[in-house]
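**Q** Pasting in a structure now, in structure tokens, and then I'll have a few things to ask.
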Amino acid sequence: MREEIAEALAVSEAKPRFLELCRAEPFRIFFPLATLLGMSGVSLWPLFFLGLHQFYPGPMHARLMIEGFLAGFVMGFLGTALPRLLAAPPLRRGELRTLLGLYLLTAGLHIGEQPRAGDLAFITLLLCFGGCMVARVRRRAELPPPGFVLVAFGLLSGLAGPALWLCGMQGWVPARGMLFGAMLLNQAFVLFLLLGIGAFLLPRFLRLREVRPMAGERTASPAWRLRAAFSGGTGLLLLASYWLEAGDPATTSAAGLRSLAAIVYLAAMVPFHRQSRHLHTASLAAQLALLALVVGLIFPLFWPGQRLAGLHVVFLGGFSLITFTVATRVVLGHSGNEALFETRLPALQIATLLLLAGAVLRAVGDFSPARPHWLSGASYLWLLAAGVWGFNVLPKVRFPDSSGDLLPHQ
């Protein structure tokens, strides 16, 4: 009996604690928290229409979805992937605790109806996260993928956006600068990140043939420099589109420039014509997310007065779906379940259908006099999609991949 107890204690001591795993792979704690915050943000609309919330939930909903849901998945993914791509050290204990504390503080302030303080906390969070990543870049042994130039654009947009908005609230910047800041936070922040990370991940998701990987290079080759310059040029065009729209919200030229820049970038960086004929669930989900993204971007060209409807097609069908798809790959790949990624993945299939249906309902709702019912329906579909996905995928964040050394170095 004593021998069995001693053996069990030895096994428990050998098994790393959860927070130790999170140092090397912060997605394990950020993904569940981000999912909960996303569900909290979406549930505000049904609660409001049912009369259970007396305040208008628009601003809180937007902040919880951007600074809570999407930012949490971004930090979980980049905090895990970027140090590995750079062959740099993972997060330290103090860094992880600081990021978690600021992340929860940001969400708590917004839930407590303190949006200005919440934005300040988010700016501090991104500064700390950016500092952690810059430190890894400086100590890198390898170069990041060239598309990660847009990741830098995204993080800078996440910083500048709320800063401009807060300055506008104080009357320190004109209305155009304030609106530009709102667009940087609510749109550009995630679009830049999706394009930058997508250029690296999508060829793997879609099983593209004869695509030379650009990660792992120790010196900048001419091909790397060209793709990095192209990514930077795309970022500048996208920023120009937001500046144009901030100056004249009624113009369609901004939407045309933005959609053209994004489509050309994806077509150039992700050669879809080389994809395998045999695609699994995640590949199809990624393609549908990109299609929803493109549809949402060109939406204002056909219905200039319904920009908000187009934005929600981007968010529900594009950002949300690609977020859950990438997160599925990350969780399965780091929990010893990588083989499952090649299977049907019923939870991701269901989430894909629900999110796309929700995007349709949300867009149609802005054309209908019964708008609250359509918005509530879209919210319920999003909540159900997140619940199904989370119930089936998130429990696996507790388990390390026994095939590799996942513990951070001291």
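**Q** If one puts a single equal scatterer on every Cα of the chain and applies the Debye formula without solvent, what log₁₀ I(q)/I(0) results at q = 0.11 Å⁻¹?
**A** Each listed q maps to, in turn, -0.82.
**Q** Which ³J(HN,Hα) values in Hz, rounded to whole numbers, follow from the phi angles of the stretch 226-239 under the Karplus curve 6.51 cos²θ - 1.76 cosθ + 1.60, where θ = phi - 60° and Gly and Pro get x?
**A** Rounded to whole hertz, the list is 5, 5, 5, 5, 5, 4, x, x, 4, x, 5, 5, 5, 4.
**Q** Calculate, in whole percent, how much of the Cα-Cα pair population of the stretch 264-345 lies beyond 20 Å.
**A** On the way: 1481 of 3321 pairs.
Of all Cα-Cα pairs in the stretch 264-345, 45 percent lie more than 20 Å apart.
**Q** Still on this structure, please answer the following. Starting from the amide H of V173, placed 1.01 Å from N in the peptide plane, find each other amide H under 5 Å away whose residue is 5 or more places distant or on another chain.
**A** G168
**Q** Taking only the C-alpha atoms, wrap a convex hull around the stretch 224-305 and report its volume per residue in Å³ as a whole number.
**A** 104
**Q** Another question about this same structure. Is the shape of the stretch 83-177 rounded, prolate or oblate, going by the alpha carbon gyration tensor and its root eigenvalues a ≥ b ≥ c, with a/c under 1.5 for rounded and a/b larger than b/c for prolate?
**A** Details: a/c = 3.42, a/b = 1.56, b/c = 2.19.
In terms of gyration-tensor shape, oblate.
**Q** Give, in nm to one decimal, the length gained when the segment between L291 and A268 is fully stretched (0.36 nm per residue of separation minus the Cα-Cα distance).
**A** Values: separation 23, 0.36 × 23 = 8.28 nm, distance 1.58 nm.
Fully extending the segment from L291 to A268 adds 6.7 nm.
**Q** Between W243 and E113, what FRET efficiency comes out of the Förster formula 1/(1 + (r/R0)^6) with R0 = 30 Å and r the beta carbon distance, rounded to 0.05?
**A** According to the calculation, E is roughly 0.45.
**Q** Right, something else. Are there any chymotrypsin sites (Phe, Trp or Tyr not before Pro) in the stretch 108-184 that are in a DSSP loop and have at most 11 other Cβ atoms within 10 Å? List them by number.
**A** When the chymotrypsin sites (Phe, Trp or Tyr not before Pro) of the stretch 108-184 are filtered for loop state and at most 11 Cβ neighbours within 10 Å, W172 remain.
**Q** By the gyration tensor of its Cα atoms, with a ≥ b ≥ c the square roots of the eigenvalues, what is the shape of the stretch 125-270: rounded for a/c under 1.5, prolate for a/b over b/c, or oblate? Before the final figure, lay out each step's value.
**A** Details: a/c = 2.72, a/b = 1.49, b/c = 1.82.
In terms of gyration-tensor shape, oblate.
**Q** Once you sort the root eigenvalues of the Cα gyration tensor of the stretch 285-410 as a ≥ b ≥ c, which label holds: rounded (a/c under 1.5), prolate (a/b larger than b/c) or oblate (the other case)?
**A** Prolate is the answer for the stretch 285-410, as a/c is 1.5 or above and a/b outweighs b/c.
**Q** Then there's this: Using the Cα atoms of the stretch 310-368, I'd like the radius of gyration and the largest Cα-Cα distance, Dmax, both in angstrom.
**A** So, for the stretch 310-368, Rg and Dmax equal 13.8, 47 Å respectively.
**Q** Continuing with the same structure: Just want to confirm a number: the relative contact order over the chain, from Cα pairs under 8 angstrom separated by 6+ residues, in percent.
**A** 17
**Q** Could you compute the longest span of the chain free of GluC sites (Glu not before Pro) located in DSSP loops and having at most 12 other Cβ atoms within 10 Å, not counting the site residues?
**A** Working: sites that count: E113, E210.
With GluC sites (Glu not before Pro) excluded where exposed in loops, the chain gives 211-410 as its longest stretch.
**Q** Let me ask something else about it. Which loop trypsin sites (Lys or Arg not before Pro) in the stretch 111-214, with loop taken from DSSP, have no more than 14 other Cβ atoms within 10 angstrom of their Cβ?
**A** Sites meeting the loop and neighbour criteria: R139, R209.
**Q** Could you tell me the distance between the Cα centroids of the stretch 228-266 and the stretch 326-363, to the nearest Å?
**A** After rounding, the separation between the Cα centres reads 29 Å.
Coordinate-derived values only; no laboratory data. Remember, it's a predicted structure, so these values are computed and weren't measured experimentally. In this analysis, Cβ positions are derived from the backbone assuming ideal geometry, glycine residues included, and neighbour counts consider all displayed protein chains.
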